[in-house]
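Read through the structure below, which is laid out as structure tokens, and then see the notes.
Coordinate-derived values only; no laboratory data. This structure is a prediction, so every number in the text was calculated from the model and none was measured. Heads up, the Cβs are rebuilt from the backbone with ideal geometry, glycines too, and the neighbour counts pull from every protein chain shown.
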Amino acid sequence: RYIYPRIPSRSESLIQQPADYYERDSYHHHYRHHHHHHHYSHEQLFSQGQPPPSDGCDMRFFIIRHGERVDRYFGSNWFMLAFDHLGQYRPYHINYPPDLPARPNKYFWALDTPLTRDGLNAAQNVGRVLGLNQFEPSYVYSSPAMRCIFTTYQILKGLGLENKLSIRIEPGLLELGAARFGMSFFLKPIDWYNYGINVDLSYQPIIQNIDPLERESAYYLRSKFIIRQIEQTHCTASSPSTLNILIVGHATSPETLTWDLVGRQPNVYDLFTLSLNIGYLQMVITERQKSSKSWSLTEMPLQSTTLKWV
């Protein structure tokens, strides 16, 4: 993996507070420069199977990136020292998470990393600040990545809603390249439930599996499909007047989940450049009023949801 310094882009309207570094592995480097002209059939599938936009209620999407990753703080081999020869977790640094769920293979930690202790605390603080700003989500969605689910749970703890709202784990929210080694190393909803996280075991994911060779254009279409399906699912005649939906994803999520809503063109060739500027716990709010029937990006209740804000 390579660590690239962040170069903020003044032209990117989603940016609130850039973080310091963004890691991109060699897979993305090869993939980006050698697969621009290869097309996959599921791109057409997503575009053809799109539900019509729904405008039956006021709706807000709060889309937030996960918190600080253990592997970005300690390095990609962090787990080699964190587990003993019996596979027991032995945190040897104060910034390691205090507890972790069991896994059948310790090398899964290299593919699906948790949050640092600082990341856990910061996510909970974000929840507290959102609560002070009278934000209460009606529904909560998370990528199946461990860093996203821990972030979601900590935000709900900060809001005091961890026992009231169950997390809907949606594989379709995974970032580009996260499924290149398959989906089996992600914890299942029942695993999270048994660990003590309030997940919705009755939830049927919109997308179960991701193409391991998916490219940027297909990722944009997948994200469009997911956000429109969520919109269609919750905005019905029986919905409350205003729906707040919290979505916890990745550095690219604020871009790929909003482009279709607000009428922008996909930045297929600049996606990772844009994601360089999205810091941990950074949020974008997309709002649609029933009267206008159109989506727009709204101002944050405060300046940002980064660590600097909380």
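Taking 0.36 nm per residue of sequence separation and removing the Cα-Cα distance, the Gln232/Lys164 pair yields an extension gain of 22.2 nm. For region 107-214, trypsin sites (Lys or Arg not before Pro) are listed when DSSP marks them as loop and at most 12 other Cβ atoms sit within 10 Å of their Cβ; the list is Lys164. Taking other C-beta atoms within 10 angstrom as a stand-in for reagent exposure, Ile278, Ile245, Ile206 fall in the order Ile206, Ile245, Ile278, fewest first.
Taking one equal scatterer on every alpha-carbon of region 167-276, how large is log10 of I(q)/I(0) by Debye at q = 0.11 1/Å? For region 167-276, the Cα-only Debye profile gives -0.40. Extension gain, Ser202 to Thr273, is 21.8 nm, computed as 0.36 nm per intervening residue step minus the present C-alpha separation.
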